[in-house]
Structure formats: structure tokens, C-alpha cells
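Encoded as C-alpha cells, the structure appears first; notes follow it.
The values are calculated or read from the model by the stated rules, or taken from the named source; none is laboratory data. This structure is a prediction, so every number in the text was calculated from the model and none was measured. Cβ: placed from backbone, ideal geometry, glycine included. Neighbour counts: every protein chain shown.
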Amino acid sequence: MSQNVIFCFSGTGNCFHIARTIAGKLGDTDIFQLDRLSGPVDVRDAKTVGFVVPCHAGGLPLGVREMLKKIDFSFSSYLYGICSYSGYPGIGLKELSKIIPINYWAQISHHCSCIWLFPHTLMMPALSVEAAQKRSEELAGKIADDVIARKFSEKEIPYNPLNALESKAWPALVAKKAKDFSVSARCIACGQCVKLCPKGNIRIVNGRASIGTDCIQCLRCLQFCPEEAITIGSASKKREHYHNPAVRAADLMESCIHID
Ligand SMILES: Cc1cc2nc3c(=O)[nH]c(=O)nc-3n(C[C@H](O)[C@H](O)[C@H](O)COP(=O)(O)O)c2cc1C
């Protein structure tokens, strides 16, 4: 086991890039993708354990809570959490802290991955992809410095009850939205979406991707599709696709990577 461990969940790569940037500064770090954990993970010997998660509908992405419960951590490790969001960070870190008692937390705004709701350019403050990426890397670098210094957050993690309501209503909306996926004739059956889907919800049927209803709305399938063949409702047909410019689809298929 490496000295440092980061658990990350990432749909379009923003969280993965934050995790990799922090790991690059810490050195000797294992980055685990939460959605690829097959069973419990014992990280009790790690000196630092971080969590990087996006905000989905005001809270944690579906299933992340259960994934976090698979982690066997020690109270003597330095524990920290980071939320990536576009407009408002929600209560995901508060939810995380109920499972993992984090010592330190931070939030980073980046481009929006929820293509059916907003164009990716919606972020706070509004920045170009390049400027947002630079800002995210700088903030991740500062967070890494805080982790190295074992800084403790003095401020309480914010909690907005409206976000709690939104997060509670999210599973029903996800079930509804899952029916809105469609795959066009542009699909070349490359199978990338099959490999990316955290739920094993995509199959190739008669030479075309077929998306089932067991979806958590990470939108990896759509945002990384090389042919832009996947859509979810009419707005997504017109909007530019987005994924983090430094992250490839293959990066999100690894269950664990080590950074020296
Ligand atoms: C289904 C879905 C719901 C989202 N909900 C919110 C939200 O409530 N508030 C927000 O600020 N951003 C929201 N976002 C945007 C993401 O939190 C943001 O783009 C984040 O950087 C994505 O990280 P990732 O690339 O690692 O998946 C949502 C994105 C998706 C896909």
C-alpha cells in the first residue's frame, strides 16, 4: 500500500484530474476509482486518504455513499474530501463526512458535465475551458500543499437543506432521464461506452450501443463518445460535448493507478 491514497469518482474527468494533480504533488499515491471497487479496501496503513467527488443534483452521485462504506480507513490517517461542481457545491461533502470523518475539505468549480441541463460553459465564475482547467490545477496544487502540511479545516462544511431535498428527489429523476437516452446511426459499435459505464448498463446490440435503465447519470458514455452518437433529450443534441481536456476515456477504465 502506498503512503497516500485517493478515492475518486469521475464522470467527465474533472475529479480524476484533480486527484491526479494532487497525487503528482504528494508522490507515492494510489488513486482508486470508487465505481471500480470490487470489494472492501483496507487503507488503514495509509498516511493520507483523500476523496474527490462531483456534485450531482446537490449531493453525492448515486451509489457513491455505498461505495464509501466499502473503505476500511483508520482515524489516525489524515482524511480529506474535495467536491468538484459547476454552479453550487451542494451537500456531498457533508454526506461524505458522515461516513468518513474528514479533517479537511475543499471545493473546486469547473465546467458542467450535465449536458441536458446546462451547457458545459456554465460554471462559477464563468471561465473558458483552458482558464477553468488552469484554475482547477492551481487550486488542486494548493490543496496538495495543505495535505502535505496536514492542515485542518476550521470552518464547518456548509449545509443547505434545499440541496438535501434536491438530492432526495434525484433517484426518481435519474430513473426518468434514463429513458431519454438515444443512440444514433453514427454509432460505430466501438464498445468504449460499454467499458466506461460504471453500472454495466450498456451492451452492443445489432452493431449499435444499447443503453438500459440502470443509469446513475455520470454521462461518461455520452461525453466521451468519439462519434457523438449518444444523446439524452433534445438539448443535448445541440450542445457541445465536454470532458476534461487532460483526461482520456482509458484513464477512467483503470481501477487503480499509482503515481510516484
Ligand atoms: C447528473 C449531474 C448532475 C449535476 N448536478 C450538479 C449540481 O447540482 N450542482 C453543480 O454545481 N454541478 C452539478 N453538476 C456538474 C458537475 O458537478 C461538475 O461538472 C463536475 O466538475 C463534474 O465532475 P466529473 O467531471 O469528475 O464528473 C452535475 C453534473 C451531472 C452529470
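Suppose the filter is within 14 Å of the ligand (Cβ to nearest atom) and farther than 16 Å from LEU139 by Cβ; does PHE9 pass it? So PHE9 fits the description; yes. Scanning the range 57-95 for residues that are away from the ligand (no atom under 16 Å from the Cβ) and among the acidic types (Asp, Glu) turns up GLU66, ASP72. Restricting to the range 96-120, name every residue that is within 13 Å of the ligand (Cβ to nearest atom), touching a helix residue (DSSP H, G or I) at 6+ places or on another chain (Cβ under 9 Å) and either within 26 Å of GLU66 (Cβ to Cβ) or touching a residue at least 40 places away in the same chain (Cβ under 8 Å) (or both). The answer is GLN107, ILE108, HIS110, HIS111, SER113, ILE115, TRP116, LEU117, PRO119, HIS120.
Please find, among GLN133, GLN107, the residue that is part of a helix (DSSP H, G or I) and at pLDDT 95 or above. One residue alone meets the criteria, GLN133. Being of a type in the set (A, V, I, L, M) and crowded, with 16+ Cβ neighbours inside 10 Å narrows it down to one of LEU222, LEU173, LEU162, so name that one. Exactly one of LEU222, LEU173, LEU162 is of a type in the set (A, V, I, L, M) and crowded, with 16+ Cβ neighbours inside 10 Å, namely LEU222. Would a scan of the range 176-188 turn up a residue that is within 13 Å of the ligand (Cβ to nearest atom), touching a Lys or Arg at 6+ places or on another chain (Cβ under 8 Å), at pLDDT 95 or above and closer than 22 Å to TRP116 by Cα? No, every residue in the range 176-188 fails to be within 13 Å of the ligand (Cβ to nearest atom), touching a Lys or Arg at 6+ places or on another chain (Cβ under 8 Å), at pLDDT 95 or above and closer than 22 Å to TRP116 by Cα.
Could you check how many residues of the range 146-185 are under 19 Å from LYS98 (Cβ atoms) and not in a loop (DSSP other than H, G, I, E, B)?
10
Among the residues of the range 215-260, the one identified as under 18 Å from TRP116 (Cα atoms), basic (Lys, Arg) and touching a Phe, Trp or Tyr at 6+ places or on another chain (Cβ under 9 Å) is ARG239.
Can you find, within the range 119-156, the residue that is surrounded by the most Cβ atoms within 10 Å (Cβ to Cβ) among those that are in contact with a strand residue (DSSP E or B) (Cβ under 6 Å, 6 or more places away or on another chain) and among the small types (Gly, Ala, Ser)? The residue in question is SER136. Scanning the range 121-131 for residues that are free of Cβ contacts under 8 Å to residues at least 60 places away in the same chain, more than 9 Å from the ligand (Cβ to nearest atom) and of a type in the set (A, V, I, L, M, F, W, C) yields ALA126, LEU127, ALA131.
Per the conditions (1) more than 12 Å from the ligand (Cβ to nearest atom); (2) under 16 Å from GLY59 (Cβ atoms), the sole criterion not satisfied by ASN160 is (1).
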